[in-house]
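Chemist: Below is one structure. I have some questions about it.
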Amino acid sequence: MRTILALDQGTTSSRAIAFDLNGRVVALAQREFGQHFPQPGWVEHDAAEIWRTQLAVAQECIQKLTLAPVQTAVGAAEIVAIGITNQRETTVLWDRATGRPVAPAIVWQDRRASARCDELRRAGQAAMIQRKTGLVLDAYFSATKLEWLLDNVPGARARAEAGELAFGTIDSWLIWNLTGGPQGGVHVTDASNASRTLLMNIHTLDWDDELLRLFSIPRALLPRVVPSSGVVAEASARLLGAHIPIAGIAGDQQAATFGQACFAPGMAKNTYGTGCFMLMNTGDRPVASRNRLLSTVGWQGPELAGAQRTAYCLEGSVFMAGATVQWLRDGLQIIDQSSDVEALAASVPDTDDVFLVPAFTGLGAPDWDASARGTLVGLTRGTTRAHIARAALEAIALQSADMFGAMSRDARLPLTELRVDGGASRNNLLMQMQADLLGVPVVRPQVTETTALGAAYLAGLATGVWAGGDAITAQWAVDQRFEPHLTEPARLARIARWREAVQRSGGWAQAR
């Protein structure tokens, strides 16, 4: 039985998942790693620990395949290819000669470069940056993190200019180590990850000289940009027991979109995790957002329509999704565990006009109000914890409906359904609310490991396992389809009422 090994390197854990050629999970291993918060607003990872945990779970997963029943046992030599997907924007700077990071990795959540972004914004650079990269100017992305490392690690800038150091997002770091590290490691990234750095021009699909000068980044630091689907190197047999082609690379949200088989323009997915990430395929050209969404590379290289092409996506993010339910559990303590929220919310027929705006850390797309704060409105003496629980679930669906509407307006494409994944997608009440508030069906697949599956599909396309998008689409199967029940007037009225609540949350932190 041949398999594909997906390495899924996330923000809090490293995972390895083996898929058979029907897209089914046959082995899985996972290890958490440390989170470091040295100062308020700073978030760091130990890149060496990330590599150790990722290698360990890859080896553990291969061991599980080897120990499977005889008729299904797989050795490392039977693994067709490796696909890699990763937390995006997190920045690693390392010594090419020793393979050691010169500083902790700066995580995508880190805000230390916010003042630098403000400085560039005042200098009038934001419009140029967005035009070239499709991104808003924000410390979320890699460029200002890398600039900070070069300016604050002793000797780093001079060593970078001399070609002694290497920069990469997590995909680059893993591939470099998998292919030999200081002994000939391959230094690459794919277009989806490169598009999250503020350094790549998404129109030319290459590093941009004007952006490199703006952020004072030496070109010698940068990895080579390669397609998301294509053999770029072989993992070392010394590490994994066989020379296995590395053939798929994509950032986590793009990989999930691919794993959901959103191959046609207008197809969209939403991942319900701590926050929500919604991506919509906009075809072979980037769409400039008028609603403060991000335009990003989805993937590059797989043969989905008879020829290699680049797919672009619009992306929006909600900061508080599953984290809102965690607040009900840990903050208000009205549920014992997160899974209790569905039954509690279902015990009342509606919220009785109660709205929760979970702007605990501000609002994401499309409002982007950093000074908004959490707001609970419409309370009466009849309000119960069940109404608040239902309002919390509805808030997740309403925020996603705001993003969905912004995407529809930006792309001018008819959105006919939303494919969903992530932990909270298993909440049937939430998914029904989502369908009602979008006015289109919400579809949950049978395989919900869509991020790792997307990386596996990209690798399999490059190695001939699947002939094209049709073969992958044929494997995608529905677990449950949620049809909208609200009438259009009722849906629009509910959204309008929600927008009133959002307005009341706005600017609160500035009013002190």
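The values are calculated or read from the model by the stated rules, or taken from the named source; none is laboratory data. Keep in mind that what you see is a predicted model, and the values were worked out from it rather than measured. No Cβ is skipped: glycine too gets one built from the backbone with ideal geometry, and neighbour counts run over all protein chains shown.
Chemist: Would you mind finding the one in 492, 453, 486, 458 that is of a type outside the set (S, T, N, Q) and in contact with an Asp or Glu (Cβ under 8 Å, 6 or more places away or on another chain)?
Modeler: 486
Chemist: Give the residue, chosen from 42, 51, that is crowded, with 17+ Cβ neighbours inside 10 Å and hydrophobic (A, V, I, L, M, F, W, C).
Modeler: Values: 42 fails: crowded, with 17+ Cβ neighbours inside 10 Å.
That would be 51, the only listed residue that is crowded, with 17+ Cβ neighbours inside 10 Å and hydrophobic (A, V, I, L, M, F, W, C).
Chemist: Enumerate the pairs (first residue in segment 353-365 and at positive phi; second residue anywhere and of a type in the set (A, V, I, L, M) and in a loop (DSSP other than H, G, I, E, B)) with beta-carbon separation below 6 Å, excluding pairs fewer than 6 apart on the same chain, so at least 6 apart or on different chains.
Modeler: Qualifying pairs under 6 Å: 362/370; 362/372.
Chemist: Under 6 Å by Cβ, and 6 or more places apart or on different chains, what pairs join a residue from segment 436-462 that is in a strand (DSSP E or B) with one that is small (Gly, Ala, Ser)?
Modeler: Once the first residue is in a strand (DSSP E or B) and sits in segment 436-462, its partners that are small (Gly, Ala, Ser) give 442/435; 444/425.
Chemist: Out of segment 252-282, which residues are free of Cβ contacts under 8 Å to residues at least 60 places away in the same chain and either under 23 Å from residue 127 (Cα atoms) or within 13 Å of the chain's Cα centre (by Cα) (or both)?
Modeler: Once the filter is applied, which keeps residues that are free of Cβ contacts under 8 Å to residues at least 60 places away in the same chain and either under 23 Å from residue 127 (Cα atoms) or within 13 Å of the chain's Cα centre (by Cα) (or both), segment 252-282 yields 274, 277, 279.
Chemist: Right, residue 19: buried (at least 16 other Cβ atoms within 10 Å of the Cβ), among the aromatic types (Phe, Trp, Tyr) and at pLDDT 90 or above or not? Break it down stepwise before answering.
Modeler: Working: buried (at least 16 other Cβ atoms within 10 Å of the Cβ): yes; among the aromatic types (Phe, Trp, Tyr): yes; at pLDDT 90 or above: yes.
When the stated conditions are applied, residue 19 passes them.
Chemist: Determine whether segment 82-98 contains at least one residue that is surrounded by fewer than 19 Cβ atoms within 10 Å (Cβ to Cβ), more than 21 Å from the chain's Cα centre (by Cα), part of a helix (DSSP H, G or I) and hydrophobic (A, V, I, L, M, F, W, C).
Modeler: No: segment 82-98 contains no residue that is surrounded by fewer than 19 Cβ atoms within 10 Å (Cβ to Cβ), more than 21 Å from the chain's Cα centre (by Cα), part of a helix (DSSP H, G or I) and hydrophobic (A, V, I, L, M, F, W, C).
Chemist: I've got another one for you. Residue pairs, Cβ under 9 Å, 6 or more apart or interchain, first in segment 153-181 and more than 22 Å from residue 236 (Cβ to Cβ) and assigned by TED's automatic domain parsing to the domain that holds residue 47, second among the small types (Gly, Ala, Ser) and in a loop (DSSP other than H, G, I, E, B). List them.
Modeler: 153/103; 156/103; 157/216; 164/97
Chemist: Right, here's the next one. Have a look at 314, 376, 356, 344 and point out the one that is in contact with a strand residue (DSSP E or B) (Cβ under 7 Å, 6 or more places away or on another chain), of a type in the set (A, V, I, L, M) and either surrounded by fewer than 23 Cβ atoms within 10 Å (Cβ to Cβ) or in a loop (DSSP other than H, G, I, E, B) (or both).
Modeler: Being in contact with a strand residue (DSSP E or B) (Cβ under 7 Å, 6 or more places away or on another chain), of a type in the set (A, V, I, L, M) and either surrounded by fewer than 23 Cβ atoms within 10 Å (Cβ to Cβ) or in a loop (DSSP other than H, G, I, E, B) (or both) holds for just one of 314, 376, 356, 344, which is 376.
Chemist: State which residue is farthest from the chain's Cα centre (by Cα) when the search covers only segment 283-306 and only residues that are under 25 Å from residue 232 (Cα atoms) and hydrophobic (A, V, I, L, M, F, W, C).
Modeler: Out of the qualifying residues, it is 305.
A quick yes/no check of all residues on (1) closer than 24 Å to residue 370 by Cα; (2) among the polar types (S, T, N, Q):
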site	(1), (2)
249	no, no
258	no, no
265	no, no
277	yes, no
285	no, no
288	yes, no
291	yes, yes
